[in-house]
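The values are calculated or read from the model by the stated rules, or taken from the named source; none is laboratory data. For clarity, every value in this text was computed on a predicted model and none was experimentally measured. As a convention, Cβ positions derive from the backbone with ideal geometry for all residues, glycine included, and neighbour counts pool all protein chains shown. SASA here: full protein model, heavy atoms, side chains in, ligands and nucleic acids out. Shrake-Rupley method; radii C 1.70, N 1.55, O 1.52, S 1.80 Å.
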Amino acid sequence: MPSHKKIETTISEAPAPRAADKILDVARDLFYREGIRAIGVDEIVRRAGVTKPSLYRSFPSKDELAASYLRKYDLEFWERFDEAVDAHPGNPRAQIVAFLTRVGKRTQKPDYRGCGMTNAAVEYPERGHPARIVSENNKQELRRRLRAMAAAMGASDPDTLGDGLLLLIEGAYISGQLFGHGGPAASVARNADLLIEASLKK
């Protein structure tokens, strides 16, 4: 009988995460939950299971690590925003309401700590700080988009409406932390829609 060679298949395992990725993941969790200034690099490397030199090879300073965390946060923020926009093509009012409906739901979660960008801006008042710069750029772009969307809706004063929506959003971020479940942030989408309705040209 012909001999049959046993064929062995090797299941390739997913590559282990790079030290830089592990550090950033741990830092993101700690920075968001406890604040950037409250967390030292010793705590980060301990939880990430890496050495301090490996942290500094990837991130020259804690300030740069904080900025990297916020850049990743920024990307994820715009992904969520764009999902709401894409779900309602050509309808900026529905886009904003959809985005804020999600924000309102997130504010009701027990582990909600607001917006990482807003929190970082409060922690770092110095204008030239790397974390502050990322936060400011995010907020400036959000303001620009909201004003443009207000104009597309036909608001009588689109800049004022856009700024009003931004104030509602920032208020939801803070009140979500203060009141938690059942707080006023849950109704941010409804309040935004009322503000839009009052601002449209009659």
* **Cβ pairs under 7 Å, 6+ apart, first in segment 134-150 and closer than 13 Å to L167 by Cα and part of a helix (DSSP H, G or I), second open to solvent by 20 Å² or more (accessible area, probe 1.4 Å) and of a type in the set (A, V, I, L, M, F, W, C)** => L142/L166; R143/L166; L146/L166
* Spot the failing condition for G128; the list is (1) part of a helix (DSSP H, G or I); (2) out of contact with any Lys or Arg (no Cβ under 7 Å at 6 or more places or on another chain), and only one is missed. => (1)
* Residue in segment 53-73 that is free of Cβ contacts under 8 Å to residues at least 60 places away in the same chain, in a loop (DSSP other than H, G, I, E, B) and open to solvent by 70 Å² or more (accessible area, probe 1.4 Å) present -> yes
* Which residue, of V85, V103, V97, V45, is on the phi < 0 side of the Ramachandran plot, buried (at least 18 other Cβ atoms within 10 Å of the Cβ) and touching an Asp or Glu at 6+ places or on another chain (Cβ under 7 Å)? -> V97
* Only residues that are open to solvent by less than 70 Å² (accessible area, probe 1.4 Å) and not aliphatic (A, V, I, L, M): list them for segment 114-129, please. => G114, C115, G116, T118, N119, E123, Y124, G128, H129
